[in-house]
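Please treat every number below as a calculation from the coordinates, not as lab data. Every value quoted in this text rests on a predicted model; they were computed, and no experiment measured them. Quick reminder, even Gly has a Cβ in these numbers, built from the backbone with ideal geometry, and neighbours come from all protein chains shown.
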Amino acid sequence: MKKLILSLGLSLLPVCNTVFADTDNQVGVDNPFGSNVIIFDPSMPASEINNRILQIYNQQNNPANSYSVDFSDNRYAFIFMPGKYGTASSPVDVRVGVYTSVVGAGQKPDDVVITGAVRTQDRPNLGGVTTVFWRSMENLAIIPTLGSLTDGSIPKNQNVWAVSQASPARRIHVMGDLRLNDVSWSSGGLLADSRVDGTIYSGTQQQYLTRNTQFKAWNGSNWNMVFVGITPGSQIPAGNWPNPPYSIIDKVPLIKEKPYLVFDKVTNQFALNVRTRRKNVSGTDWHIAGKNLPISSFYMVKPGDSAASINAALRQGSNLFITPGVYHLTETINVTRKNTIIYGMGYPTFVSDTGKPIMNVSDVEGVQLAGFMIDGGPVSAPVLLQVGTSPNNTTHVDPVFIDDVYCRVGGPNNYKSTAGSCMVINSNDVVIDNTWLWRADHGSNVGWTQNAGDYGIIINGNNVKTYNLMSEHFEKYNVVWNGNGGIVYEFQSEPAYDVPSQQEWMDGNINGYAVYKVGSNVTTHTAIGFGVYTNFKNAIWMDSAILAPKVPGVNLSHIIGFWLGANGNSGYRHSVNNDGCGVSQNSRLCHYSKWQ
């Protein structure tokens, strides 16, 4: 059988197949992932790699004047096989457009070393970096030599990863500096399980969560920078919140890192490395071997698959590897077996076409969901992703982990999108590590009645933890938290821009819906690092940004509010219930240190 390295699944590009060279560092391998996954190996010239990446980037970036690319069906992933790519004089320039994942296939990040850049670009005519969504990089090392695509004054030894929501960097080793902005405002983000030899520059980032990462120094702040489980010795500037607005939590209470793709030279096939649970830890988990699950243990979900074919594979005991594409479902995917891994690469997207949930996960141990999107469809589903059938008292040693799973209601070019709620979490002990739940404020078929969506997430389970929870623009509460023992490190939200009138947006006798509501029966809840920003088009007020019961065990701290603009007669009056500052045209910034 012919060994393939590359297959470009683009209508505007010719299909091109290349054979791996058999060298000491590389062996022949088939591409099992389909035509939208492009595999590079170090025998390829830098110019060839750059040309192929640029063809896709030009299609997936479109920085000039249109959001159409951001809501297309195109999905891609780049896999770099173990080895070294580029030199100082002939760098590899990995430009990352929308719906694109860049993945190293080594056992460790330093097994794939790219001299040049893995970078994104500002879009001055399209909201700057605040609309740079849905792209990722993981499990590789970068020697930065190229700087910025936009600003020539940015030093060449800075790798520019200028992104906003749903664009994580995981398991990355930057052998230089890392810059999290380009020119314009940016609204990320997540850096996790990584190492930066130099300085991290946050620049225009409004907020950011940095978790289990080592760096030489941190430079910059705006509204909220949250650090969790940072390697001791990493230099974070001293001060007291909000000067600077740094929230520092020494150890992450519970984490199992997202699985990552590897190429196993012993078996001559790809595998997914599943990580080990860790409790109360700081720093990366690179020293832990993990467990390689061969690709043969996965059902390869490809365009054309249905819920029926996916469920049949799950019933037979397979894990799921979801390849890039958009999957329109008429039935629900049911995950009932413990220790099931569902892993997506290249932002594969499930759409509910018939008003049924996209995925139901039973109340079982060890399930891990990672790296895919769920979209509302033309018929509103009550919930798109549900974990656990109903609230219960079952505790989990190895709970469900949800990594880089994103929800969208509205925006796509090719279908209308509505939903009652993006996620409902009924199981206890669930850990959500980076999510963005977004009712679209731009794109196609967007408007108060066109892309209706009530809730971002409803959490009924106890002891649920979220790291980097972002939920925006829903028509009622962005977050409802009914379970006890919840922990939140970094939360960002904006209420809906397009509320028609105050009369249509009342929570009983309360003006507006808070973005974050802790249920009245909750007795314990800890949340650190809030960002709540308003941009109402009409004269709309919220009485409170956050609602919570006034009991000793509910602690909310480091709350930032900001009035972004739009209607001059709008904003919110208090941070929590009737306490703390609000935001308005005349008082745009609010710092509220602690509420309990």
Could you work out how far helix 46-61 tilts from the main Cα principal axis of the chain, as a 0 to 90 degree angle to the nearest 10? 30
Charge dipole magnitude, Cβ of K and R +1, D and E -1 - the stretch 37-247, Cα centre, debye nearest 20: 200
HN-Hα J in Hz across the stretch 32-37 - Karplus 6.51, -1.76, 1.60, θ = phi - 60°, x for Gly and Pro: x, 9, x, 6, 9, 10
Rounded to the nearest 500, what is the 222 nm mean residue ellipticity of the chain from helices alone, with -39500 (n - 2.57) per DSSP H run of 4+ residues and division by all residues? -1500 deg cm²/dmol
Which one, (i) 24.4; (ii) 28.8; (iii) 39.5, gives mean projected area of the Cα convex hull in nm² as derived from the coordinates shown? (i)
For the chain, build the charge dipole from Cβ charges (+1 Lys, Arg; -1 Asp, Glu) around the Cα centre, then report which of His525, Ile38, Ile560 sits farthest towards its positive end. His525
Along the stretch 433-450, Karplus-curve 3J(HN,Hα) (6.51, -1.76, 1.60; θ = phi - 60°) to the nearest Hz, with x for Gly and Pro, reads 10, 6, 9, 10, 10, 9, 8, 5, 9, 8, x, 8, 6, 10, x, 3, 9, 7
Just grab the label-to-label distance for Leu564 and Ser47, each label 7 Å out from Cα along the Cβ direction, in nm (one decimal). 4.4
Once label points are set 7 Å from the Cα along Cα→Cβ at both Asn555 and Asp250, what is their separation, rounded to one decimal in nm? 1.4
Could you give the length gained on full extension between Lys338 and Asn521, defined as 0.36 nm per residue of separation minus the Cα-Cα distance, in nm? 62.8 nm
What residue among Ile200, Ala381, Ile322 has its Cα farthest toward the positive end of the dipole of the chain, where the charges are +1 on Lys, Arg and -1 on Asp, Glu, each on the Cβ? Ile200
Would you grab the residues whose amide H sits under 5 Å from the one on Thr466? Only those 5+ places off in sequence or on another chain, please, with H modelled 1.01 Å from N. Ile432, Ile487, Val488, Tyr489
Relative contact order, percent, of the stretch 428-580 when contacts are C-alpha pairs under 8 Å separated by at least 6 residues? 19
The set of residues whose placed amide H lies less than 5 Å from the amide H of Ile333, leaving out same-chain residues fewer than 5 positions away, is Met359, Asn360
What FRET efficiency, computed as 1/(1 + (r/R0)^6) with R0 = 30 Å and r the Cβ-Cβ distance, is obtained for Ile510 and Asn586, rounded to the nearest 0.05? 0.85
Roughly how big is the stretch 330-595's charge dipole about its Cα centre, with Cβ charges of +1 (Lys, Arg) and -1 (Asp, Glu), in debye to the nearest 20? 340
Amide H contacts of Val92 (H built 1.01 Å from N, under 5 Å, at least 5 apart or other chain): Thr87, Thr115, Gly116, Ala117
HN-Hα J in Hz across the stretch 385-402 - Karplus 6.51, -1.76, 1.60, θ = phi - 60°, x for Gly and Pro: 10, 10, 10, x, 5, 7, x, 7, 9, 6, 9, 10, 6, 10, x, 5, 10, 10
Indicate, rounded to the nearest 5 percent, the antiparallel portion of the DSSP beta bridges found entirely in the chain. 15
Nearest 20 debye, what's the magnitude of the dipole of the chain about its Cα centre given +1 on Lys and Arg Cβ and -1 on Asp and Glu Cβ? 560
Label-point separation in nm, Trp448 to Lys279, each point 7 Å along Cα→Cβ: 4.9
Percentage relative contact order, the stretch 257-320, counting C-alpha pairs under 8 Å, at least six apart: 25
Over 21 Å (Cα to Cα) among Lys216/Lys258; Lys356/Lys517; Lys517/Lys550; Lys108/Lys265; Lys356/Lys537 -> Lys216/Lys258; Lys356/Lys517; Lys356/Lys537
How high is the relative contact order of the stretch 296-376, given as a whole-number percent (alpha carbon pairs under 8 Å, six or more residues apart)? 29
Expected unfolding gain across Asn577-Ser501 under the 0.36 nm per residue rule, minus the alpha-carbon gap, is 25.2 nm
